[in-house]
Amino acid sequence: MAGPLDGVKILDLTSNFMGPYASLLLANLGADVCKVETPSGDTTRGVGPARNPGMGAIFLHLNRNKRSIVLDLKSADGRAAIDRMIERADVLVYSLRPAAMARMGLDYERVRARNPRIVYCGAFGFGQGGQYAAKPAYDDLIQSAVGMPVLQARKQGPPDYVASAVADRVVGMALSTAVSAALYRRERTGLGQSVEVPMFESFAHFVLGDHLYGHTFTPPIGDTGYARMMNADRRPYRTIDGYLGINVYTDRHWQRFFEICGRPDLAADPRFADIAGRTANIGELNAFLAEVLATRTTAEWVQVLDEADIPAIRMNLPEEVVDDPHMKDVGFIAEEEHPSEGRIRSLGIAATWSDDQPDIRHPAPRLGEHTEEILAEFGFGPGEIADLIESGAAVAAPKEVK
């Protein structure tokens, strides 16, 4: 087996970041993900540096372990083809708004009529019971709607987005979890079902678990925002020659740190003796950390803090993560030869499994690279495939790789 989801066939009608990240996680667990693309391809094909058109860096990382089939679902023949494929699929994942799926004849009722066992799972902006149901959504919008930029601003400056597609990726993880759980239920009951994973609500759960804070109570007994997380001095700290990530967190951590700093008396200071006091006085504590950590090199701090079992690590630049000694030990970032893109760096599969370890089976595909292969697997004959391609309802990539 090539992972615990080996044998699960997924029709992936997602694009951009959120849905493809979900299907990447499922593909990394062994699922056979058939990435159904429009003739123009997934938008991320054009994002970031690229050696060849349509094979940008972001796409390469989001779409490994998948195969690409191009169908024009706006055409009658393209819709008829996807209808036939649905009959043999285990899962259909999508990231269009439900109204758009319905316009294409791919709403759950019609899909279920063709395959009652299918897991039909969508992630889109907003739950369909609210007044935002028809609104489009992207990562920046959802960060704004949940208040993430305001929380960032309480640390420093005006409202600002997190420098990652964090909402897309968090909701993508929720989508992959939902698919896995629905497949488990189907194994027990034999029944498929529809699952909706709205971005706004899912990301609100992620953020407000920390930051609803005093407004958890009715009436509120404090402000929103976890003070420790928002303090401007909660950051990597400058050392003599670089920066250090450090988490002095438990009572014992602080006792040891005060001893290392030559200030054991601070361990008994009511402001710092327990987590409640430290949270209330986090600004003073972080200022103290900044002052002390600037007195030694990063390597010196890592050594002494490791010896004291206080969590700390050197701050890497993104490009330095490639050469991080631990990453080299576990082989997480590997160089591989992509059939069309040449030598690239590939991110590994983080989880390890004792019995059916997933593997990297497919490099990120060229647009329509597997159209004919996938159609044949879903029961289309050579003549039917040729007709679909001739009509433009399906598109196949050239056989030769330049």
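The values are calculated or read from the model by the stated rules, or taken from the named source; none is laboratory data. This structure is a prediction, so every number in the text was calculated from the model and none was measured. Reconstructed Cβ throughout: ideal geometry from the backbone, glycine too, with neighbour counts over all protein chains shown.
Here are a few things to note about the model shown:
- Residue in region 190-198 that is in a helix (DSSP H, G or I), within 30 Å of residue 88 (Cα to Cα) and in contact with a Phe, Trp or Tyr (Cβ under 9 Å, 6 or more places away or on another chain) present: no
- Candidate set: region 388-402, residues that are without any contact (Cβ under 8 Å) to a residue 60 or more places away in the chain and part of a helix (DSSP H, G or I); chosen: the one nearest to residue 10 (Cα to Cα): 389
- One residue from 23, 40, 15 being within 23 Å of residue 333 (Cα to Cα), out of contact with any Gly (no Cβ under 7 Å at 6 or more places or on another chain) and not hydrophobic (A, V, I, L, M, F, W, C): 23
- Some residue of region 37-49 being more than 17 Å from the chain's Cα centre (by Cα), under 13 Å from residue 11 (Cβ atoms), part of a strand (DSSP E or B) and in the same structural domain as residue 391 (by TED's automatic domain parsing): yes
- Criterion violated by residue 295 - all others in (1) modelled with pLDDT of 95 or more; (2) not in a loop (DSSP other than H, G, I, E, B) satisfied: (2)
- Selection status of residue 16, under 20 Å from residue 91 (Cα atoms) and either surrounded by 24 or more Cβ atoms within 10 Å (Cβ to Cβ) or free of Cβ contacts under 8 Å to residues at least 60 places away in the same chain (or both): no
- Scanning region 142-201 for residues that are polar (S, T, N, Q), surrounded by fewer than 18 Cβ atoms within 10 Å (Cβ to Cβ) and under 22 Å from the mean Cα position of the chain (by Cα) returns 144, 164, 177, 194.
- For residue 202, the criteria (1) assigned by TED's automatic domain parsing to the domain that holds residue 130; (2) not in a helix (DSSP H, G or I) hold in every case but one, which is (2).
- Residue 164 over 13 Å from residue 22 (Cβ atoms), outside any helix (DSSP H, G or I), touching a residue at least 40 places away in the same chain (Cβ under 8 Å) and assigned by TED's automatic domain parsing to the domain that holds residue 92: no
- So residue 58, is it over 26 Å from residue 335 (Cβ atoms) and either assigned to a loop (DSSP other than H, G, I, E, B) or at pLDDT 95 or above (or both): no
- Flag for residue 287 being more than 21 Å from residue 313 (Cβ to Cβ), under 35 Å from the mean Cα position of the chain (by Cα) and modelled with pLDDT under 95: yes
- Annotation note: of 214, 172, the sole residue that is closer than 23 Å to residue 3 by Cβ, small (Gly, Ala, Ser), touching a Pro at 6+ places or on another chain (Cβ under 8 Å) and part of a helix (DSSP H, G or I) is 172.
- If you go through region 210-263 and keep only what is aromatic (Phe, Trp, Tyr) and either more than 19 Å from residue 147 (Cβ to Cβ) or in contact (Cβ under 8 Å) with a residue 12 or more places away in the chain (or both), you end up with 213, 226, 237, 243, 249, 254, 257, 258.
Residue-wise test of (1) outside any helix (DSSP H, G or I); (2) within 30 Å of residue 400 (Cα to Cα); (3) of a type in the set (Phe, Trp, Tyr).
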| position | (1), (2), (3) |
| --- | --- |
| 258 | no, no, yes |
| 277 | no, no, no |
| 283 | no, no, no |
| 286 | no, no, no |
| 326 | no, no, no |
| 337 | yes, yes, no |
| 343 | yes, yes, no |
| 350 | yes, no, no |
| 363 | yes, yes, no |
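- For region 69-103, filtered to residues that are in a strand (DSSP E or B) and within 20 Å of the chain's Cα centre (by Cα), the residue that is farthest from residue 185 (Cα to Cα) is 94.
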